[in-house]
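Structure, as structure tokens:
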Amino acid sequence: MSLAADPVEERSQALLKPHEGGPQSGRRWLLPVMLTLISLIWLFPLLLALVNSFRDYAFTAKNGYVSWGGFTFDNYTNAWQQADFGLHFANSAIITIPAVILTLFLSCCVAFVVARFSFKFNLALLGFFLAANLLPPQALLIPVYRMFRAIEVPLWISDSGTLLNSFVGLILVNMAFQIGFCAFVLSNYMKALPKELYESAVIDGASVTRQFFQITLPLCRPALAALAVLQTTWIYNEFFWATVLLQQGDKFPVTSSLNNLRGQFFTDNNLVAAGSMIVAIPTLVIFFVLQRHFVAGLTLGATKG
Amino acid sequence: MTRPSSEAEYLARMVPPSVRGVDRRTLLRGALGVGTLLGAGGLAACSSGSTGSTGVPTGAVTGTVTVGSNQSDAVPKAAVQSYMDAFAKANPGTTVKINTVDHNSFQENINNYLQGSPDDVFTWFAGYRMQFFAEKGLVGDVSDVWKNITGMSDALKKASTAADGKQYFVPITNYPWAVFYRKSVFQEKGYEVPKTLDDLNALGAQMKKDGLSPIAFGDKDGWPAMGTFDQINLRVNGYDFHVSLMAGKEAWTDPKVKKVFDTWAGILPLHQADSLGRTWQEAAQSLQQKKSGMYVLGSFLAQQFTKGAEQDDLDFFTFPEIDSTIGTDAIEAPIDGYMMSAKPKNEGGAKKLLQYISQPEAQLLALKADPSVIATNQTADTSGYTALQKKSLEYVKSAKSIAQFMDRDTRPDFASTVMIPAIQSFIKNPKDIDGLLTSIEAQKKSIFGS
Amino acid sequence: MASKRKYRGIDQLSTRDKVVVSLMVIVPTLIVLWLVWLPAIGSVLLSFTNWDGIGPLSGIKSVGLQNYRDIATIYPPFWPAIQHNLIWLAVMFLVATPLGMLFAVLVDRGVAGTRFYQTSIYLPVVLSLALIGFIWQLIYSRDQGLINAITGGTTDWYGDPNVNLWAALVAASWRHAGYIMLLYLAGLKGVDPSLREAAKIDGASESQTFFKVVFPVMRPINIIVLVVTFIESLRAFDLVWVINKGRNGLELISTLVTQNVVGEASRIGFGSALATIMLLISSVLVFIYLRIAMKED
């Protein structure tokens, strides 16, 4: 009894649409209007910044930000030239991509064991991972720094000879701080999957590895997509550990290059805004790429009920 | 890398900075003679430099010198590059590798940076902030560089010297703190530069009548108001007390300190209201837009003003006299410069570079980036200076004693975790000075006692 | 450790499976143990010293409980910070999180343009801190901000300690709602659509369907959202840091830790004591969560 007659932009969405309409279809206009309104409220502050990133600082300094005029594209060209984005984007990729992939993989492993089996230590394990997430990273700064300085690694891993000043060290720290959260989230998603799914697999003699890769992971796609987006955003924007553990300006991730647009005292805020817009692009791209997976949802499996 | 740090060094830092005021004049006089002989021409000397473990090589040096720089925004970064290039050119076979880290990260990570694998030479500040690292053994002694340095005043040398009487710092530029105003505003309204606190109050009242905020004020970031405290303390109690207070040797509950806050409370109504939500740049804009009459700040204020006519309109005067027995000959002019790490990989090159940085050539290249600062070497050619720079130079020269800045003159942990919140709470509630001072004193004892 | 045939049949494991399962747990555990828990223990130990982070570990001297005494007695920002963290928790819990969940439910109903709605609400999560600082400065600045310009007021949104926490909370909710929406949306997508259809055929209204059918099925996801809200509120840091480094009415425990540990002001011992207090508070929450989770099983 699908009444959804709107020209749907998402074809796959059509499958899941029937809960629109029904008896109260007289108020069908309400939802889009509400959502549009919310979206605009949420977008507004951002648009404000976007507009001002196209304005000349000297103009806004004289006239204040609540004014009109002084439009220029210079902030973007200057930001691009001054912040050395090319190099720093590459650094960010070297840090973020492995960190996100490994974090998600290892978290899936933990979550799978916790959700799939009924070992006694499961809860304790989850608590161990979850509590790790509650610590303020700043508090762990000095101990981690000291350890990294003391641990020597072969030169092919780090040109500094220690974990300090190496991408590997930074990736490890990012992983350690994110695994807890991801494992917790994923285990709860996995718990929502019906256990019966595994029954036939076990009867068929499927190994744990097969159950993991062929049943659990595909079913966690929406959760994995959501986490991938969040993790990319966080690790990409992570700045604190990077500056402490890398110590060399040319190894810093791209977020730090935004600070290169600031002076010791004086900061052209419009320029920094322009730079920030450029820096935000990769995370947005990841979001758009993975968005499909939340929109489409899951059409397979899930028979609980 | 292990650090050569001993128990003795650990204890050494407990000694407050002012205890270490040994007279170094004799040392300096001896050094000057040698220095003039080498001078700027020393770089061109043709004898191949022998790079001993100590001493500045007399000839050209070779190898790579690494430099840690916090000058990360485009213009200063280019300026650093330009004088490093000039150094490399004067020393064929030498390359300078600059590790640029943004200012904020550099500062926040300095402890870890120096204990990790620091560059041979790095940017830093004079004052307690420098002495602290010297006592910790995290930076290298550059006294022999100072033997060759010419054109630096005694005050600068003193500011580069740590408790042990050795130098650890080479100044490049500095900039004064003072009361800034727009000449056009003063002219138009017929204001006169105030000489005393009474003058200031009268001027303030007149400005209010004219619809101006007399003193622009913004302390959202916490540090700008420290400058106001310093100015008033220097006028009320003088340089020696100020330095001793910063060193943790005076009680904050002393009536002298109370008088500073009382004086400040007296002129607080002249300050722009709601300062705790305002950045210094926003406060500067009110001066720029001629909505405020004066602003107590460092000369970097000029960077907010558009180059040309608007910057030329900017002028300053020294903070008015409060006590005639104290006068106005103590000012605040923070010094920026370079230090050498404790175990540089290329010590000869590092020292040679530091010596080069002390010379007018390098300093003038540095000024190109930031015309709001001045060269520390007195022999630097000032013909290219702006009016503001010329005035800054005179101002600094004529001062009898020069303080750095609260966060450079005292322990950084005391400045940032105690004084910033304390001053902010004074601004919020100027009435409870006694309670505030008691609280500061309790925390001071805990921090300085540790 | 594997409990062979103790439970239902599906927990059966071959020897190879046991190795695989062990590895799946041990590798991540070791990483977290090494880089989070070991340093955390170090931090707790350091909290009994007055170490400044410089020099060899042998130079560290114990000061007993002095840091804790100082925190509770002569450190003015501490108690306000605790209070602010609690307010933060309450607002996130009562406003921001329900808002995010509501957005997820609305977006999930799949009206046209859902991608646009999702994107707009999620965008604040993506932005770097530098940009977020700039955005809210544009809105809240006393002299040049949008709010005061429109209303003609002179409220000092960032400087007045009675107001600035709430101003920061608006900004925080703006970001938090998008984050929760994303997590919740992923959960909603996992709900079997046939459940809803069955409810609809039974004549349940939409809100009935949600509260009676979808919401209970979403229990694990609801727990996630709840726990995430706790974590985020306790660790709340970056927004106030970018506003004014957590001073003057915006003190939070995490900012106090940072002020003391990071930077030149390295009162490692004192900062570690603050962090330990934070850890204790968090542990209580984790413990409560585990108790609830345990009761269920």
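May I ask which of B:89/B:368; B:89/B:343; B:208/C:245; B:189/B:391 have a Cα-Cα span longer than 27 Å here? The pairs that break the limit, which is 27 Å between Cα atoms, are B:208/C:245.
Per residue, the accessible area of the protein assembly as shown comes to 37 Å² when a 1.4 Å probe rolls over the protein heavy atoms.
Shielding value for C:84-91 is 0, the average number of Cβ atoms from other chains within 10 Å of each residue's Cβ. Projecting the Cα atoms of B:251, C:25, A:157 onto the charge dipole of the protein assembly as shown, computed from C-beta unit charges around the Cα centre, puts C:25 farthest toward the positive end. Each peptide among A:68-80, A:121-133, B:214-226 gets the average number of other Cβ atoms lying within 10 Å of its residues, and from highest to lowest they stand as B:214-226, A:121-133, A:68-80.
Which value, in debye to the nearest 20, gives the size of the charge dipole of chain B about its Cα centre, when Lys and Arg are +1 and Asp and Glu are -1 at the Cβ? Present the calculation step by step, with values, prior to reporting the outcome.
Values: 46 positive and 48 negative charges, 108 e Å.
Approximately 520 debye in magnitude.
Note that region C:198-215 has calculated 3J(HN,Hα) couplings of 4, 4, 5, 4, 6, x, 6, 6, 5, 5, 4, 4, 5, 6, 8, 10, 5, 4 Hz, one per residue in order, obtained from phi through the Karplus relation 6.51 cos²θ - 1.76 cosθ + 1.60 (θ = phi - 60°); glycine and proline are x.
The H on the amide N of residue B:221, modeled in the peptide plane, is under 5 Å from the matching H of B:280, each at least 5 residues off or on a different chain.
Remark: chain A carries a charge dipole of roughly 720 debye about the Cα centre, counting +1 on each Lys and Arg Cβ and -1 on each Asp and Glu Cβ.
With contacts defined as alpha carbon pairs under 8 Å and 6 or more residues apart, what's the relative contact order of chain B in percent?
25 percent.
What's the whole-number percent of alpha carbon pairs in region B:64-107 lying beyond 14 angstrom? Of the Cα pairs, 47 percent sit more than 14 Å apart.
Using a 10 Å cut-off around each Cβ of peptide B:420-426, what is the average number of partner chain Cβ atoms that fall inside?
Mean partner-chain Cβ count within 10 Å for B:420-426: 4.
How high is the relative contact order of region A:83-296, given as a whole-number percent (alpha carbon pairs under 8 Å, six or more residues apart)?
Relative CO of region A:83-296 lands at 32 percent.
Of the solvent-accessible surface of region B:242-385, computed with a 1.4 Å probe and all protein chains present, 50% belongs to carbon and sulfur.
Once backbone amide H atoms are built at 1.01 Å from N, residue A:162 has A:153 as its partners under 5 Å, excluding neighbours fewer than 5 places away on the same chain.
Counted over all Cα-Cα pairs of region B:116-206, pairs farther apart than 23 Å make up 47 percent.
For the residue pairs B:249/B:351; B:77/B:345; B:158/B:352, the alpha carbons lie more than 26 Å apart in B:249/B:351. Computed over chain C, the range of Cα coordinates on each principal axis works out to 66, 66, 29 Å, biggest value leading. A loss of 40 Å² or more of accessible area (1.4 Å probe, protein heavy atoms, ligands and nucleic acids excluded) relative to the isolated chain is seen in these residues of region A:61-94: A:61, A:62, A:65, A:66, A:82. Applying the Karplus relation 6.51 cos²θ - 1.76 cosθ + 1.60 with θ = phi - 60° to region B:221-227 yields 3J(HN,Hα) values of 7, x, 7, x, 5, 4, x Hz, where x marks Gly and Pro. For region B:104-131, the residues whose backbone nitrogen is under 14 Å from a point 7 Å from the Cα of residue B:97, taken along Cα to Cβ, are B:117-121. How high is the relative contact order of chain C, in percent, with contacts defined as C-alpha pairs under 8 Å that are six or more residues apart? Once divided by the residue count of chain C, the mean separation gives 27 percent. Distances between every pair of Cα atoms in the protein assembly as shown, grouped in 10 Å steps from 0 to the bin holding the largest one, split as 2, 10, 19, 22, 20, 13, 8, 4, 2, 0, 0 percent. For chain C, the share of accessible area belonging to carbon and sulfur comes to 68 percent (1.4 Å probe, ligands and nucleic acids excluded).
Which percent of the Cα-Cα distances in region A:83-296 go past 33 Å? Before the final figure, lay out each step's value.
On the way: 5974 of 22791 pairs.
Result: 26 percent of Cα pairs exceed 33 Å.
Radius of gyration (Cα atoms) of chain B, expressed as a multiple of 2.2 N^0.38 Å: 0.99. Amide hydrogen proximity for residue B:332: with H placed 1.01 Å from N in the peptide plane, the residues at 5 or more positions away or on another chain lying under 5 Å are B:177, B:403. Straight Cα distances below 19 angstrom link residue B:390 to the aspartates and glutamates B:310, B:312, B:313, B:315, B:329, B:332, B:336, B:361, B:370, B:381, with same-chain residues fewer than 8 positions distant left out. When the accessible areas of C alone and A alone are added and the area of the pair subtracted, with a 1.4 Å probe, the result is around 10600 Å², both sides summed. Along the charge dipole of region C:77-266, Cβ charges K/R +1 and D/E -1, which of C:226, C:150, C:250 sits furthest on the positive end? Highest projection toward the positive end goes to C:226. Using only side-chain charges placed at the Cβ, +1 for Lys and Arg and -1 for Asp and Glu, the dipole size of the protein assembly as shown relative to its Cα centre rounds to 2180 debye. Partners of residue B:291 within straight-line reach, counting aspartates and glutamates whose Cα lies under 14 Å from its Cα and excluding those fewer than 8 residues away in the same chain: B:188, B:210, B:282, C:143. A Gaussian network model of chain C, with springs between Cα atoms under 10 Å, assigns the largest mean-square fluctuation among C:177, C:96, C:72 to C:72. When we measure straight from the Cα of residue B:431, which aspartates and glutamates land under 19 angstrom away, once same-chain ones fewer than 8 places off are left out? Partners within reach: B:219, B:254, B:262, B:274, B:441, C:160.
Taking A:261, A:155, A:37 as the candidate residues, the one with maximal mean-square fluctuation in a Gaussian network model of chain A, Cα springs under 10 Å, is A:37. Per residue of A:43-50, other chain Cβ atoms within 10 Å of the residue Cβ number 6 on average.
Rounded to the nearest whole Hz, the Karplus-based 3J(HN,Hα) values (6.51 cos²θ - 1.76 cosθ + 1.60, θ = phi - 60°) of region C:245-250 follow the sequence 6, x, 10, 6, x, 10, with x at glycine and proline. Here's the picture: charge each Lys and Arg Cβ at +1 and each Asp and Glu Cβ at -1 in region A:83-296, and of A:111, A:280, A:136 the one pushed furthest to the positive end of that dipole is A:111.
Would you work out if region A:40-195 is rounded, prolate or oblate? Take a ≥ b ≥ c from the square roots of the eigenvalues of the alpha-carbon gyration tensor; rounded if a/c is under 1.5, else prolate when a/b is larger than b/c, oblate otherwise. In terms of gyration-tensor shape, oblate.
The values are calculated or read from the model by the stated rules, or taken from the named source; none is laboratory data. In this text the structure is predicted, and so the values were computed from the model without any measurement. Virtual Cβ from ideal backbone geometry, glycine too; neighbours counted across all protein chains shown. Note: accessible area is taken over every heavy atom of the protein model, side chains too, but ligands, DNA and RNA are not part of it. Shrake-Rupley method; radii C 1.70, N 1.55, O 1.52, S 1.80 Å.
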